[in-house]
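Notes follow once the structure below has been shown.
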Amino acid sequence: MNTPNKLTVARMILVPFLVIFLLTEWGGDANRYISLGIFVIASITDWFDGYLARKNNLVTNFGKFMDPLADKLLVCSALICLVELDKLEAWIVIIIIAREFIISGFRLIAAENGIVIAANYWGKFKTVSQMVMIILLILDFGGAFDVLETVFIWLSLALTIVSLVTYIAQNRNVLSMQE
């Protein structure tokens with residue numbers, strides 16, 4: 001297993017620890033900073049494994065499948081925890097997770113027809129905005145940061161919808177293959 005794939009697996013292994021530290025009370029305020037550290041490290045591995053795979057020509061079928069899955073697992077787990085912690089509305093998380101299911105299904109249909117749907121810039125912007133939003137919500141500094149949190153919640157939601165529409169519009173030929 002190459003280094004990028006090891007980073008992808010490591011990111012998936014970090015998810016249960018993120019959930020535990022976000023949702024348990026026994027560690028007090030320290031849990032918030034531990035979960036923040038876990039989330040930031042996992043998010044950095046997302047960028048780093050892709051960079052290494054492309055730079056060193058280490059792109060594998062495992063990585064193509066597992067890297068996006070690890071990203072979804074990390075972000076969706078954090079979002080669900082933030083709903084439980086009353087820091088995020090459930091309907092927002094439902095829209096974000098629904099988009100992930102729709103795009104994953106879309107990619108599966110495309111793959112059956114020999115088409116690879118690559119990530120586009122809207123999807124990358126969406127991911128970065130969601131990760132920043134999650135970091136801000138975990139930090140929960142209050143005050144002026146509440147405005148910044150709100151901006152990133154709405155930005156993440158908007159980019160989620162824009163990226164969904166863009167993926168479907170750019171790849172609508174995939175839908176016509178199923179008729």
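The values are calculated or read from the model by the stated rules, or taken from the named source; none is laboratory data. As the structure is a prediction and not an experimental result, all values here were calculated from the model. Cβ atoms come from the backbone with ideal geometry, glycine included; neighbour counts cover every protein chain shown. Each accessible area value is taken on the protein alone, full model and side chains, heavy atoms only, with ligands, DNA and RNA left out. Shrake-Rupley method; radii C 1.70, N 1.55, O 1.52, S 1.80 Å.
In region 125-148, the residues that are more than 19 Å from Arg32 (Cβ to Cβ) and in contact (Cβ under 8 Å) with a residue 40 or more places away in the chain form Cβ pairs under 7 Å with partners that are among the acidic types (Asp, Glu) and outside any loop (DSSP other than H, G, I, E, B), at six or more places apart or across chains, as follows: Thr127/Asp71. Among the residues making up region 2-23, a single one is closer than 16 Å to Val40 by Cα and charged (D, E, K, R): Arg11.
Residues in region 84-107: is at least one open to solvent by less than 80 Å² (accessible area, probe 1.4 Å), small (Gly, Ala, Ser) and under 20 Å from Gly63 (Cα atoms)? Yes.
Screening Asp67 against (1) touching a helix residue (DSSP H, G or I) at 6+ places or on another chain (Cβ under 9 Å); (2) at pLDDT below 90; (3) surrounded by fewer than 16 Cβ atoms within 10 Å (Cβ to Cβ) leaves a single unmet condition, (3).
For region 48-57, which positions are closer than 15 Å to Val9 by Cα and either assigned to a loop (DSSP other than H, G, I, E, B) or open to solvent by 80 Å² or more (accessible area, probe 1.4 Å) (or both)? Full working, then the answer.
Filtering region 48-57 for residues closer than 15 Å to Val9 by Cα gives 48-50, 52-53.
Hit for region 48-57 is Phe48, nothing else.
Do you know which residues across region 91-125 are within 22 Å of Asp46 (Cα to Cα), of a type in the set (A, V, I, L, M) and either in contact with a strand residue (DSSP E or B) (Cβ under 7 Å, 6 or more places away or on another chain) or in a helix (DSSP H, G or I) (or both)? Passing the criteria: Val93, Ile96, Ile97, Ala98, Ile102, Ile103, Leu108. Against the list (1) part of a helix (DSSP H, G or I); (2) open to solvent by less than 30 Å² (accessible area, probe 1.4 Å), the condition Gly27 fails is (1).
Is it the case, given these coordinates, that Leu88 is outside any helix (DSSP H, G or I), closer than 23 Å to Phe21 by Cα and in contact (Cβ under 8 Å) with a residue 12 or more places away in the chain? Working first, answer last.
Working: outside any helix (DSSP H, G or I): yes; closer than 23 Å to Phe21 by Cα: yes; in contact (Cβ under 8 Å) with a residue 12 or more places away in the chain: yes.
Yes.
The set of residues in region 137-147 that are open to solvent by 20 Å² or more (accessible area, probe 1.4 Å) and in contact with a Phe, Trp or Tyr (Cβ under 9 Å, 6 or more places away or on another chain) contains only Leu139. Only one of the numbered conditions (1) under 26 Å from Tyr33 (Cβ atoms); (2) open to solvent by less than 50 Å² (accessible area, probe 1.4 Å); (3) in contact (Cβ under 8 Å) with a residue 24 or more places away in the chain; (4) part of a helix (DSSP H, G or I) is violated by Leu155, and that is (2).
Here the condition is being over 16 Å from the mean Cα position of the chain (by Cα) and either open to solvent by less than 60 Å² (accessible area, probe 1.4 Å) or of a type in the set (Phe, Trp, Tyr) (or both); of Ile115, Ile134, it holds for Ile115 alone. Looking at region 59-73, can you tell me whether even one residue there is of a type in the set (D, E, K, R) and over 18 Å from the mean Cα position of the chain (by Cα)? There is no residue in region 59-73 that is of a type in the set (D, E, K, R) and over 18 Å from the mean Cα position of the chain (by Cα).
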